[in-house]
Amino acid sequence: MREKSRKKQAFRQNLTDLMIFRKRWWQHLIFWAVALLILLNIFKTSGAVEKIDVIYTVIFMLPIVCIVYLNLYVALPGLLRKESYLIYTLAFLILLTSGSLFLYLLFDRWIDLFLPGYYFISYYNIPLLMLYTGSFLVLSTLLKLSRSWFMLLRVERMTSSQQLQSLQSQINPHFLLNSLQTIYALSLEQSERSPEVILQLSGILKYTLYETRQGSVELEKEIGIIKDYVNMYRHRIEPDHVNISMEISGDPEEFLIAPMLLLPFVENSFKHGLQASVEKPYIVIRLGVSGNNLKFMVRNSRGEIDPAGLEEEKGIGIENTRQRLELLYPGSHKLEIANLDDTFTVNLSIELKRK
């Protein structure tokens, strides 16, 4: 059953390749037209191209065309798809050798049988014929592989884009849930600050709904959302009971950053830092811009009764942000998370892009 399934899959793939060829026939036509012109200029016996030169060149090319398409639509898809590189190399050498030998025999012995009046002779030995055949095989293979790699890159980009959208769609509801819990707590206290907090939340939600659709936002806006979030939480807690410190240094005006990239770390610090069983919980936020490098640090206290543990391991916010960093800033960021008995610290550095 598995063998039949493989054969059906291979047949469908070959059929797909043929359909692609039909759609791109003009590209193949241009390729062979250019090849014909090049070979004509090599094979012509005088200053001008004669009829006999055209006939000789066309006959010379026909076996090469067959060899090239056997490689492109039989050997290459079938063997490389199974990652049988050694077998493909052997098949490539067989095609190269058999094609060169056929050309030699064609002009040395067989051509007079069906074109007796032209007196064609074999001008080239087998090594030179292998050079001609190998050139077409290698060039056509490289063109085929380059097209496949280009398509693969497009698929990877589309996949990465879809993955980013999925991660973003998870982060936004997660943020909303935490914010609504804050407003709910204020409403239970019948606090006069509830309208102000709701207004701040509406501004943050406007940012998450509209600004986050873009691939990047101004760093100033991202910092502004963090400030609004911190201020929103300040209304919920008593300043004598919790110490919240936030410092911004450097000039963020010239830089861009992926939206909602820093806020999940701040959310996590408030969610777990305020529950710490210490005499006075604290949250420290430091953000600095130097050159084109952003350094971001969030530290919060942790206590013995911190029930949720690491959000990095069980929650959505930090883990999703880690994945977004890998997709958006590969090789240009460094994320370090330290989970100690009494503190939880996030250190992030990113190479920023300018506007």
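Quick note: the coordinates plus some simple rules give every number you see, no bench work behind them. Being a predicted model, the structure only gives us computed values, none of them experimental. For neighbour counting, all protein chains shown are included, and Cβ atoms are generated from backbone atoms with ideal geometry for every residue, glycine included.
Before moving on, here are some points about what is shown:
- Model label sites at Leu327 and Arg109, defined 7 Å from Cα along the beta-carbon direction, differ in position by 6.3 nm.
- Counted residue by residue at 0.36 nm each, then reduced by the alpha carbon distance between them, the extension gain from Glu351 to Ile126 reaches 75.3 nm.
- In terms of surrounding Cβ atoms within a 10 Å radius of their Cβ, Phe102, Phe270 rank from fewest to most as Phe102, Phe270.
- Were the residues from Lys206 through Ser46 laid out at 0.36 nm apart, the gain over their Cα-Cα distance would be 49.9 nm.
- Burial ordering of Asp53, Asp341, fewest other beta-carbon atoms within 10 Å first: Asp341, Asp53
- Rounded to whole numbers, the Karplus 3J(HN,Hα) couplings from phi for segment 220-229 are 4, 5, 5, 5, x, 5, 5, 4, 4, 5 Hz, using 6.51 cos²θ - 1.76 cosθ + 1.60 with θ = phi - 60°, and x at Gly and Pro.
- Contour minus Cα-Cα distance for Leu188 and Thr97 (0.36 nm per residue): 24.2 nm
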